[in-house]
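Below: one structure, written as structure tokens.
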Amino acid sequence: MAWARNILRVNLTQGTCTSEPLNMEWAGKYLGQRGLATKYLVEETDPKVDPLSPDNKLIMATGPLTGTCASTAGRYSVITKGALTGAIACSNSGGFFGNEMKNAGYDMIIFEGRAANPVYLLINNDSVELIDASEFWGTSTWNTEDGIKKKHQDPLLRVASIGVAGEKGVKFACVVNDMDRAAGRSGVGTVMGSKNLKAVAIRGTKGVSVDDAPAFMKAVSSGKSVLAENGVTGQGLPAFGTQVLMNVINETGALPTRNHRDIQFEGASDISAEAMAEPRESDGKPNLMTNAACFGCTIACGRVSTIDRTHYTVKDRPEYQKASGGLEYEAAWALGAANGVNDLDALTFANFICNEQGFDPISFGATVGAAMEMFEDGVLTTEQTGGIELKFGSAEALTQLAELCGKGEGFGAEIGLGSKLLCEKYGRPELSMSVKGQEFPAYDSRGIQGMGLTYATSNRGACHLRSYTVASEILGIPEKTDPLETDGKAGLVMAFQDATAVVDSAGLCVFTTFAWSMDDIGPQIDAACEGDWSIENLMACGERIWNMERNYNLAAGFTNKDDTLPARLLKDAAKTGPAKGKVCGLDKMLPEYYQARGWTTEGVPTNETLNRLAL
Ligand code: SF4
């Protein structure tokens, strides 16, 4: 129960689609979604495979709770070897696509090979068909989703697609579903594009059953009460979204600014949640129209925004004057503070383009920041940028590059390399603010030490969604730790990493963990799924998943030398704010972390650890 017990295997080279039973022994060890799909990838592919080769596989996966009535249980993930990083990649998305896929009766769809010509996959429960996508190739995710619904005269189809960025090989392309929800990081959309797979469109009506319905309903109801009564999930996130963090993190002195040269941004309040709610001069309306929820979510942190019709980006362009997905904190930071841009409408426009053409605003914004620093240093000139004055603070440069990157044209195509390759190309590798090739999100590890260890050890490259120690270090969840201290951070990061692996594998949204502990999550999983899913077993499952991902990366060629941070964070002390004078103390935290993990001093899981985890 809870699992559909069914996998759809699509061989794009041969044009075949076949169903097969889910390996229930693996489900009992890896739960679902992130954990279980990674197990399939590990077993079925060579870790050294070129991410863009037909031999790499792309797996769309739901969790056992996906499609149930648990709060936020509409998630799905895309698992593959990442095009941006060459490391294990798992990008998670909300919206409604995951629920539809589970209701069509699939725990996973495994894509193999490469289609000779562009195709999309159409699923209606047991009816599965690969269809020529040439009419949609070269169009945006928005037009693809609209076009497929119209062509099949089914407005209830749920569609996940790539935009032109994914077709053109932008290294950080996303898979976008429901217009503005994305499996955003590590270039999973680039891998989808390399397979000539434009979209997956699904209708599912089968329903999802659980093992012990009365116990499940009791646990779900209790979980929803906890979310409603919690200040963050019951009030803060619905009202302000994740953007509630902009001013908080700036005051903390951990808001990376101008490619991490500074850690406080003088324009933070202009691009904050509070600014999104302020009426505009031109029409008296605010940027933020309303909040929105993914399938089954009782938090509703999503933002729906409009851009001022008189703004230079959308004047005479009615297609961008409609309401669409607004700025979340990470996007607002990457498009704004990382580049020194404080024009809220320009940021909202760039965010629309990221959704429309399917690319990750975090990696895009951070790469523009690195390019701006190279421009200011004279390494890049207008000759290379196609005439764009790439100065920090230039909203025009940001929005021009968003449009060019989305189409893979001009200097936008170079931005589409990501900061690591771009900075290497121009001889300034130290200016790429990344780990394992993936750009940092919105927290500077000089001001929040635990995030430095989080980034350095993250299996998918720099990422806040593998261990969000900001919860403890800034918000005091589940208990307050000092953000400027390194003591105790190894254990904290490890606990967050393992618990997050469980949440991601269950089919839940990680934002629930602002309110839920494993005492709330465990009973929901245990009641829904067969087998013993005690909290102890769940945490062991999370640790097993983490070590499996680690082993995949080691086999792919990564070593402990990749568990590091750019020199700027390790050597250049913060200039302002509470962290003034601090660097990230990774050298102290990392050996403690290896030891806590049961790894050698070279960061390799010992045989004892592997045996303990039944790996
Ligand atoms: S908390 Fe936000 S991101 Fe998570 S499921 Fe709800 S609306 Fe979606």
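Just so it is clear, none of the values below were taken in a lab; they were calculated from the coordinates. Since this is a predicted model, take the numbers as computed values, not measurements. Cβ placement follows ideal geometry from the backbone for every residue including glycine, while neighbour counts extend to all protein chains displayed.
Ranked for footprinting exposure by Cβ neighbours inside 10 Å, fewest first, 383, 439, 430, 330 give 383, 430, 330, 439.
Across the range 591-597, computed HN-Hα scalar couplings (Karplus, 6.51 cos²θ - 1.76 cosθ + 1.60, θ = phi - 60°) run x, 5, 5, 4, 5, 4, 6 Hz from first to last residue, x flagging Gly and Pro. The distance between label points at residue 229 and residue 53 comes to 5.5 nm (points 7 Å beyond Cα on the Cα→Cβ vector). Antiparallel beta bridges, as assigned by DSSP with both residues in the chain, represent about 80 percent of the total such bridges.
Set the Förster radius R0 to 56 Å, insert the Cβ-Cβ distance between residue 485 and residue 69 as r into 1/(1 + (r/R0)^6), and round the FRET efficiency to 0.05.
Computed FRET efficiency for residue 485 and residue 69: 0.85.
Other residues whose C-beta falls under 13 angstrom from the C-beta of residue 140 contribute a net charge of -4, scoring Lys and Arg +1 and Asp and Glu -1.
Mean residue ellipticity at 222 nm, helices only, the chain: -11000 deg cm²/dmol; runs of at least 4 DSSP H residues each add -39,500 (n - 2.57), and the sum is divided by the number of residues. Of the beta bridges in the range 6-203, as assigned by DSSP with both residues counted there, near 75 percent are antiparallel. Sorting the segments 79-89, 204-214 by their mean number of nearby beta carbons within 10 angstrom, highest to lowest, gives 79-89, 204-214. Descending by average beta-carbon neighbour count within 10 Å, the peptides 50-57, 597-604 line up as 50-57, 597-604, the highest first.
Could you compute the net charge surrounding residue 195? Neighbours are other residues with a C-beta less than 13 Å from the C-beta of residue 195; K and R count +1, D and E count -1. So the environment of residue 195 carries a net charge of 0.
Could you pull out which residues in the range 144-179 have an amide N less than 19 Å from a spot 7 Å beyond the Cα of residue 127, following the Cα-Cβ vector? It comes to 147-160, nothing else. Paramagnetic label reach from residue 604 (point 7 Å along Cα→Cβ; backbone nitrogen cut-off under 16 Å): within the range 522-558, residues 548, 550-558. For residue 6, project a label point 7 Å along Cα to C-beta. Then give me every residue of the range 121-138 with its amide nitrogen under 18 Å of that point. What the label zone holds, given the 18 Å backbone N cut-off, is 121-130.
Quickly rank 531-541, 516-526 as a protection proxy: mean count of other C-beta atoms within 10 Å, highest first. Present the calculation step by step, with values, prior to reporting the outcome.
Numbers: 531-541: 17.2, 516-526: 20.8.
My ranking of the peptides, most packed first, is 516-526, 531-541.
Approximating the spin labels as points 7 Å out from Cα along Cα→Cβ, the residue 117-to-residue 206 distance works out to 3.1 nm.
In this calculation the C-beta distance from residue 221 to residue 289 is compared with R0 = 30 Å, giving a FRET efficiency of 0.45. Spin-label model, residue 316/residue 277: points 7 Å from Cα along the beta carbon direction are separated by 3.7 nm.
Once backbone amide H atoms are built at 1.01 Å from N, residue 72 has 297, 298 as its partners under 5 Å, excluding neighbours fewer than 5 places away on the same chain. Exposure proxy shown here: for 561, 198, the number of other Cβ atoms within 10 Å sets the order, fewest to most, as 561, 198.
Which shape class applies to the range 418-508: rounded if a/c is under 1.5, otherwise prolate when a/b exceeds b/c and oblate if not, where a ≥ b ≥ c are the square roots of the Cα gyration tensor eigenvalues? Could you put the intermediate results ahead of the total?
Values: a/c = 2.79, a/b = 1.58, b/c = 1.77.
Judged from the Cα gyration tensor, the range 418-508 comes out oblate (a/c at least 1.5, b/c at or above a/b).
Put simply, the amide H of residue 359, placed in the peptide plane, has neighbours under 5 Å in 174, leaving out anything fewer than 5 places away on its chain.
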